[in-house]
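*Asks:* Pasting a structure below so you can have a look.
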Amino acid sequence: MSNYDVPFGVGVDFETGVMDNPDRVITRRASDMRGYYANPEALEALIASGDPIHYMVYEKAIPERQGHLLFCMSVLQPGRVGNEYFLTKGHYHTEVDTAETYLCVGGRGYLLMKTEDGQWAAEKMEKGRMVYAPPLWAHRSINTGSEPLISFCVYPAHAGHNYGDIQTQGFPRRIMQGEPEPRLVK
Ligand code: S6P
Ligand code: ZN
């Protein structure tokens, strides 16, 4: 029995993405993102110039077992590494038969998804839009706007995270600066 086997409520600020009294806060800075961008020199320059925060995730310590739901607030900062917009690492779920839903509450960007057999999809994220990542689809957020991209995510608590081949293989598309729309490049 944990604190989370009884009902509870928690406040979240949709303007900032911050959750009240989170049990875990994950902070990923530029230096945590080596291997993920097309332009490693630009990433090293960013690290040398102050190693800014890329994203933060706020969570409650829900028991990681079947039946529970894990949820989080994810706040991805705006910015670019060279011409490539800031992104999260992206992952598959270890338990492959688990989906996830994202509700964007602020900012603008994409949820980029892929499967191991080479399919991919890029769904737009903007305030009020919900995006669904079905079982088997790896998922990564990308901020193409000028404000933080703020999302509320929910997924089965036993899902687990598998970063797998993503650091070395990436996704089939990258999202680069472009006018008037971001460019999806191979
Ligand atoms: C968890 C969910 C999000 C991500 C977060 C950071 O299943 O998809 O909470 O963990 O957006 O992304 P990543 O790829 O670094 O875990
Ligand atoms: Zn996930």
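The values are calculated or read from the model by the stated rules, or taken from the named source; none is laboratory data. Nothing here was measured: the structure is a model prediction, and the numbers come from that model. Here the Cβ is made from the backbone with ideal geometry for all residues, glycine too, and neighbour counts use every protein chain on show. Only protein heavy atoms, including side chains, enter the accessible area calculation; ligands, DNA and RNA are left aside. Shrake-Rupley method; radii C 1.70, N 1.55, O 1.52, S 1.80 Å.
*Asks:* Could you list log10 I(q)/I(0) for the stretch 29-128 at q = 0.12, 0.20, 0.21 Å⁻¹, which the Debye formula gives when each Cα is one point scatterer?
*Replies:* Calculated log10 I(q)/I(0) at the listed q: -0.50, -1.22, -1.28.
*Asks:* Something else: May I have the convex hull volume per residue, in Å³, for the Cα set of the chain?
*Replies:* 116
*Asks:* Right, another one. Longer than 20 Å from Cα to Cα, which of Lys60/Lys124; Lys114/Lys186; Lys89/Lys127; Lys89/Lys114 are they? Say none if no pair is.
*Replies:* Violating the 20 Å Cα-Cα cut-off are Lys60/Lys124; Lys89/Lys127.
*Asks:* Given Met125, Met73, Leu87, which one lies farthest toward the positive end of the charge dipole of the stretch 16-185, if we put +1 on the Cβ of every Lys and Arg and -1 on the Cβ of every Asp and Glu?
*Replies:* Result: Met125.
*Asks:* Treat each spin label as a single point 7 Å out from the Cα along the C-beta direction, and report the Ile53 to Glu116 distance in nm.
*Replies:* 3.5
*Asks:* At 0.36 nm per residue, and after removing the present C-alpha to C-alpha distance, how many nm does the segment from Met176 to Val154 gain when stretched out fully?
*Replies:* Length gained, Met176 through Val154: 5.2 nm.
*Asks:* When the accessible area of the stretch 77-186 is split by element with a 1.4 Å probe, what percent falls to carbon and sulfur?
*Replies:* 47
*Asks:* Turning to a different aspect of this structure: What's the magnitude of the charge dipole for the chain around its Cα centre, counting Lys and Arg as +1 and Asp and Glu as -1 at the beta-carbon? Answer in Debye, nearest 20.
*Replies:* Charge dipole, the chain, about its Cα centre: 380 debye, nearest 20.
*Asks:* Further question: Which GluC sites (Glu not before Pro) does the stretch 40-146 hold that lie in a coil by DSSP with at most 15 other beta carbons within 10 Å?
*Replies:* The qualifying sites are Glu64, Glu95, Glu116.
*Asks:* Heavy-atom accessible area per residue, the stretch 16-185, 1.4 Å probe: how many Å²? Let's see the in-between values first.
*Replies:* Numbers: 7960 Å² over 170 residues.
It amounts to 47 Å² per residue over the stretch 16-185.
*Asks:* So, in Å, what gap is there between the alpha-carbon centers of the stretch 22-53 and the stretch 150-186?
*Replies:* Centre-to-centre (Cα) distance: 15 Å.
*Asks:* Could you give the length gained on full extension between His68 and Asp5, defined as 0.36 nm per residue of separation minus the Cα-Cα distance, in nm?
*Replies:* Stretched out fully, the His68 to Asp5 stretch lengthens by 21.8 nm.
*Asks:* What is the distance, in nm, between label points placed 7 Å from the Cα along the Cα-to-Cβ direction at Asp32 and at Glu44?
*Replies:* Result: 2.3 nm between the two label points.
*Asks:* Using helices alone, I'd like the mean residue ellipticity at 222 nm for the chain: each DSSP H run of four-plus residues gives -39500 (n - 2.57), total over residue count, nearest 500.
*Replies:* It comes out at -1500 deg cm²/dmol, rounded to the nearest 500.
*Asks:* Sort the stretch 79-183 into rounded, prolate or oblate with this rule: let a ≥ b ≥ c be the square roots of the eigenvalues of the Cα gyration tensor; rounded if a/c is under 1.5, and if a/c is not under 1.5, prolate when a/b is larger than b/c, oblate otherwise.
*Replies:* Oblate shape, in that a/c is at least 1.5 and b/c is the bigger or equal ratio.
*Asks:* What residue among Leu46, Leu112, Leu76 shows peak mean-square fluctuation when the chain is described by a Gaussian network model with Cα springs under 10 Å?
*Replies:* Leu46
*Asks:* Gain in length, Ala99 to Glu126, computed as 0.36 nm per residue apart minus the alpha-carbon separation, to one decimal in nm?
*Replies:* Numbers: separation 27, 0.36 × 27 = 9.72 nm, distance 2.02 nm.
That pair, Ala99 and Glu126, stretches by 7.7 nm at full extension.
*Asks:* So what is the relative contact order of the stretch 16-185, in percent, for Cα pairs below 8 Å that sit 6 or more residues apart?
*Replies:* After rounding, I find 26 percent.
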